[in-house]
1. Take each of the peptides 7-13, 123-129, average the number of other beta-carbon atoms within 10 Å over its residues, and list them starting from the highest.
2. Can you work out D for segment 269-379 in µm² s⁻¹ from Stokes-Einstein, where Rh is the Kirkwood radius over C-alpha pairs, the temperature is 20 °C and the viscosity is 1.002 mPa s?
3. Could you give the length gained by full extension between SER163 and SER183, i.e. 0.36 nm per residue of separation minus their alpha carbon distance, to one decimal place?
4. With no solvent and one equal point scatterer per Cα, compute the Debye intensity ratio I(q)/I(0) for segment 148-291 at 0.15 Å⁻¹ and report its log10, rounded to two decimals.
5. For segment 337-368 and segment 129-157, write down the distance between their C-alpha centroids in whole Å.
6. Eigenvalues of the Cα gyration tensor times 5, then square-rooted: what semi-axes does that give for segment 27-66, in whole angstrom, largest first?
7. Subtract the Cα-Cα distance of LYS341 and ARG29 from 0.36 nm times their separation in residues, and report this length gain in nm to one decimal.
8. Tell me the label-point distance for the pair PHE377, GLN58, using the 7 Å Cα-to-Cβ offset, in nm and rounded to one decimal.
Amino acid sequence: ASVLGLYDKARLTHPMADGKEATFEAIDRAVKEGLAGKAGYLVTPSLMSPSTKEVISQFIAKYPTVKHVVYDAISYSGMLQANEACYGKRTLPTFHFEKANTIVSLDADFLGTWLSPVEFSKGYAQGRKISAKNPKLSKHYQVEAMHTITGAAADERATCRPSEMGMIAVALYNAVANGTQPSLSSPALNKLVTAAAADLKKGNGMVVCGTNDVNVQTVVNAINDKIGANGTTVNWVTTSNYKQGIDKDFADMVAAMEAGQVGVVMLHGVNPAYDYLDGKKFTAALAKVATTVSFAERLDETAQKCKYIIPDHNYLENWGDAEPKANYYSLQQPGISPLFKTRAFQDSLMAWMDAGQTYADYWKLYWTTRLSGQANFDQ
């Protein structure tokens, strides 16, 4: 699939201005003029690349009127905000399904779609496989609004309306904390919550929740605190960088655009005209911005609405790095020279701040420095 993406005929092959082919130099001049005016926004998805984050921070130091907004089409904003309120960390923990004797999932399809299913499936499978080392099978309770892969694998499953998830979380907390009997909308839910609470009290339990609601996630954090999950099945030392976007930041940007307070918007790796909850509102607000730049590889719905398009390299043509979890690093080098007249997103930022070097040079220097020398870097 990656190779097909690389050689895809639908890829943009050159920079464009107002729907016509343009030069990098002409677009660079226009964007620099735009950056010298009103407030600006740089919109990206959750970035796991430490060197790219460093480039962005230097870019914002050069242009302090620019704000970096993280936009995730599938948002985990409620979870991030709950964690910040509860633990002072706007981040996600590592969930150790392999260490859990009891797993309670409230609408989290952790084997199919929720957060990091490949990682979770591996841990879950370890806990579900009986061996001499692991003679005890983990118990899995699932409450969900619709059928999922995770629900199909559960030992005990009950359905509910999505609007009931908060009540179920509170009922589970009360059952764990005070032994209160639940009085929910169905006998199946009452039975499941009572049994799950009894098992969670035995230790080595964990509750996960797929609801993007800060209040529900706060209750889930309280349950995990009560059962001693933090430090055992929920790891706050090795945090995850998979999702970093806060919904309010993007909504505030759209409001500022609507009010005519924004002079430049740069969009990398996102397509809100297609996948934002109110795409029409975003598109109408974007039309009020004088300088709009997309780094899209293809002419997607958002790129079509932008004045300038500087197509990014395919990842197989680019340098890069990743820190998916705290202190877990991965380095990426290109497998092929760029096929078309494209430019790395980071190179565009560096050109606009007159950095005098390419991202490839910056990347090598960044990692040679972090790894304390060329020999370590080569190794």
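The values are calculated or read from the model by the stated rules, or taken from the named source; none is laboratory data. None of the values given here were measured: they were computed from a predicted structure. Every residue, glycine among them, receives a Cβ derived from its backbone with ideal geometry; neighbour counts consider all protein chains shown. We work out accessible area using only protein heavy atoms, side chains counted, and drop any ligands, DNA or RNA first. Shrake-Rupley method; radii C 1.70, N 1.55, O 1.52, S 1.80 Å.
1. 123-129, 7-13
2. Roughly 132 µm²/s, to the nearest whole number.
3. Gain on extension, SER163 to SER183, equals 5.6 nm.
4. Evaluating at q = 0.15 Å⁻¹ gives log10 I(q)/I(0) of -0.86.
5. After rounding, the separation between the Cα centres reads 47 Å.
6. 21, 10, 10
7. Working: separation 312, 0.36 × 312 = 112.32 nm, distance 1.80 nm.
The span from LYS341 to ARG29 would gain 110.5 nm if fully extended.
8. Taking the two extended label points, one gets 1.3 nm.
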